[in-house]
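Report on one structure; see the data block that follows.
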Amino acid sequence: MARRGRRRPLVPGAGPALEALKAEVMSREGWSVNPARPGDVKYEVARSIGVPLQPGTGGELRTDQAGAVGGRIGGPMVREMIRMAQERLAKRQ
């Protein structure tokens, strides 16, 4: 059964910063991102890889399709967060 709840950041109030990071990272990756709605980049990513994702229809995707879209977004975001953490750690030393 599909989860109906939305994921929330572990740190309260971190959502806007994560959305801003998504917009920045995906823009750098070459995607057209509306800074006011960075989550909508998933539709452009899905379209580019042939996944039939439309607003309000995510529940019909297969797991591999959802993972393909999420991986194209989450992968660059995680790499950027790791880069940022390494940079901060280097400054402490």
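Tabulated values for the structure
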item: Boolean, SER27 is exposed (fewer than 12 other Cβ atoms within 10 Å of the Cβ) and within 16 Å of the chain's Cα centre (by Cα); result: no
item: All positions within region 32-84 that are surrounded by fewer than 16 Cβ atoms within 10 Å (Cβ to Cβ) and of a type in the set (Lys, Arg); result: ARG37, ARG47, ARG62, ARG79, ARG83
item: Region 65-92, subset of a type in the set (Gly, Ala, Ser) and more than 9 Å from the chain's Cα centre (by Cα), residue farthest from ILE49 (Cα to Cα); result: ALA90
item: Residues being hydroxyl-bearing (Ser, Thr, Tyr) and modelled with pLDDT of 95 or more - total across region 44-93; result: 1
item: Where a residue in region 64-91 is among the acidic types (Asp, Glu) and its partner, wherever it lies, is surrounded by 13 or more Cβ atoms within 10 Å (Cβ to Cβ), with Cβ under 6 Å and at least six apart; result: GLU80/VAL25
item: Condition broken by PRO38, with the remaining ones in (1) in contact with a helix residue (DSSP H, G or I) (Cβ under 7 Å, 6 or more places away or on another chain); (2) in contact (Cβ under 8 Å) with a residue 24 or more places away in the chain satisfied; result: (2)
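The values are calculated or read from the model by the stated rules, or taken from the named source; none is laboratory data. All of these numbers come straight from a predicted model, not from anything done at the bench. Virtual Cβ from ideal backbone geometry, glycine too; neighbours counted across all protein chains shown.
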